[in-house]
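The values are calculated or read from the model by the stated rules, or taken from the named source; none is laboratory data. The shown structure was predicted, so the numbers you read here are calculated from the model rather than taken from an experiment. Every residue, glycine among them, receives a Cβ derived from its backbone with ideal geometry; neighbour counts consider all protein chains shown. Side chains are part of the model used for accessible areas, which takes the heavy atoms of the whole protein and leaves out ligands, DNA and RNA. Shrake-Rupley method; radii C 1.70, N 1.55, O 1.52, S 1.80 Å.
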Amino acid sequence: MNDISIIVPLDLSQRPLDILRKAVRMSDAAESARIPLIFSLNDQNSLNDRRLKKSLENKRYTTLLAKKHYTGSVNPSLLRNRAFEVVNTELIALLDVDIWPDFSLLEKYRDLIAAKHSPFYFLPCMYLTAKGSKDLCKGKTTPALLKEKYFSFSRKEFLHLANPSSVTLMKSDDYAAIGQFNESYSGHGYEDFDFMMRLAQHYGSLQPCREMMSNKSARSPLFTSGFRRALGRLSLDALLNKDFVFHLYHERPNVIAHKERRESNYSRFVETHNRNWGDDISKSLLEEFIEACRLSDRSVDDYSALFENKPGHIDRFDTFKRRLRFLLNE
């Protein structure tokens, strides 16, 4: 599987021990799968930075690029671009360190790209609660069992299913061809949507939707609108096959600063992509998904969990403390 490399940005300025543990777990999985993994670290030479560098020494398939690139807000775009500079494989996968390292799923979609089914894939991402994450990490459950629970309407393990998500498999040449990630985005938020929009447009895959720059999100991936709907339709096959990655739980960052950065990044996103997109010629994702079920002779009933669009996810927080913090918006 060494014809694909995984790129993961790292910054230990927040939740360092959590990120360190997840990075080591991902590295161990990469070593077992013999897949090149490239970590790009904003190295501030902290105790935890040094611990991470020590933990990843003498790895055959893991490369750690450690350099102090910036101070202040994390810049995942810059870190990904620096990692890309050492890629020597035909394909790349863009992951975050919080993604559970199920490399068999990457192998499946790598093979689909190689077979020219599609030049790229955006994979749906299931966000787990603290309980769901703990059970998975301790071996009390598996990705397959978690999917069974989700589609059986268990909710204590899950926050929400994101489609589209930033988990991307693509050709390395295309990363350079579309101009890489835009490093002017500061903090997390919209740098991934910006990249995904440009990649989809590169292949003429993006159908316009009404109010294309709408920032309205939805609990169900089938009820999204605007650019999320336009990108989400590109992942309907993965949803149909119940193929999604799992995002391990972590505490929320500083809420006020996080919100401010996201608002600023959204403004930059709109400035970049707001134009006359033409008429809305696509069906809703709900209609397209039902039609896809019919054409593939699958029962819509098997996907009932995807149709839940209850606002918020207060019912999915697994402890009283987290429910209270959600209600207080903390």
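Is there any pair with a first residue in the range 127-153 that is at positive phi and a second that is modelled with pLDDT under 95 whose Cβ atoms are under 9 Å apart and which are 6 or more apart or on different chains, and what are they?
Within 9 Å, the pairs are F153/S304; F153/A305; F153/E308.
Give me a count of the residues in the range 39-76 that are open to solvent by less than 10 Å² (accessible area, probe 1.4 Å), of a type outside the set (S, T, N, Q) and closer than 26 Å to E107 by Cα.
3
Would you kindly identify the strands (runs of 3 or more DSSP E) lying entirely within the range 122-240 that contain at least 2 residues that are closer than 22 Å to E251 by Cα and in contact with a Gly (Cβ under 9 Å, 6 or more places away or on another chain)?
The qualifying strands (runs of 3 or more DSSP E) are 158-162.
Mind telling me which of the residues P101, P124, P143 ends up being over 23 Å from F269 (Cβ atoms), of a type outside the set (A, V, I, L, M) and in contact with a helix residue (DSSP H, G or I) (Cβ under 6 Å, 6 or more places away or on another chain)?
P101
When you look at E90, is it acidic (D, E) and without any contact (Cβ under 8 Å) to a residue 60 or more places away in the chain, yes or no?
In short, no.
Identify, please: which residue in the range 12-27 is touching a residue at least 60 places away in the same chain (Cβ under 8 Å) and in contact with a Ser or Thr (Cβ under 9 Å, 6 or more places away or on another chain) and is, among those, surrounded by the fewest Cβ atoms within 10 Å (Cβ to Cβ)?
Going through the qualifying residues, I end up with S13.
Contact list please: Cβ distance under 9 Å, first residue in the range 229-247 and aliphatic (A, V, I, L, M), second residue outside any loop (DSSP other than H, G, I, E, B) and open to solvent by 20 Å² or more (accessible area, probe 1.4 Å), pairs at least six apart or on different chains.
Correct list of pairs: L231/F193; L234/Y121; L236/E288; L236/A292; A238/Y121; L239/A292; L240/A292; V245/P143.
Within the range 53-86, can you find the residues that are touching a residue at least 40 places away in the same chain (Cβ under 8 Å) and hydrophobic (A, V, I, L, M, F, W, C)?
Of everything in the range 53-86, those that are touching a residue at least 40 places away in the same chain (Cβ under 8 Å) and hydrophobic (A, V, I, L, M, F, W, C) turn out to be V74, L78, L79, A83, F84, V86.
Return the residue satisfying two criteria in turn: it lies in the range 33-75 and is part of a strand (DSSP E or B) and of a type in the set (A, V, I, L, M, F, W, C), and of such residues it is nearest to D3 (Cα to Cα).
Taking the candidates together, the pick is L37.
Pick from L79, L91, L105: which is closer than 14 Å to D11 by Cα, more than 13 Å from the chain's Cα centre (by Cα) and open to solvent by less than 20 Å² (accessible area, probe 1.4 Å)?
Result of the check over L79, L91, L105: L79.
Please work out which residue is most open to solvent (accessible area, probe 1.4 Å), limiting yourself to the range 108-124 and to residues that are among the hydroxyl-bearing types (S, T, Y) and touching a residue at least 60 places away in the same chain (Cβ under 8 Å).
Y121
Which condition breaks for N215 when tested against (1) more than 30 Å from R298 (Cβ to Cβ); (2) in contact with a helix residue (DSSP H, G or I) (Cβ under 9 Å, 6 or more places away or on another chain); (3) open to solvent by less than 50 Å² (accessible area, probe 1.4 Å)?
Against the list (1) more than 30 Å from R298 (Cβ to Cβ); (2) in contact with a helix residue (DSSP H, G or I) (Cβ under 9 Å, 6 or more places away or on another chain); (3) open to solvent by less than 50 Å² (accessible area, probe 1.4 Å), N215 comes up short only on (3).
In the range 226-269, what count of residues is obtained for those that are at pLDDT 80 or above, more than 26 Å from F158 (Cβ to Cβ) and either over 21 Å from the mean Cα position of the chain (by Cα) or exposed (fewer than 14 other Cβ atoms within 10 Å of the Cβ) (or both)?
2
Name the residues in the range 95-116 that are within 18 Å of S172 (Cβ to Cβ) and in a loop (DSSP other than H, G, I, E, B), would you?
Selection gives L95, A115, K116.
Report, by residue number, each residue of the range 191-212 that is aromatic (F, W, Y) and open to solvent by less than 50 Å² (accessible area, probe 1.4 Å).
If the condition is that a residue be aromatic (F, W, Y) and open to solvent by less than 50 Å² (accessible area, probe 1.4 Å), then F193, F195 are the ones that fit.
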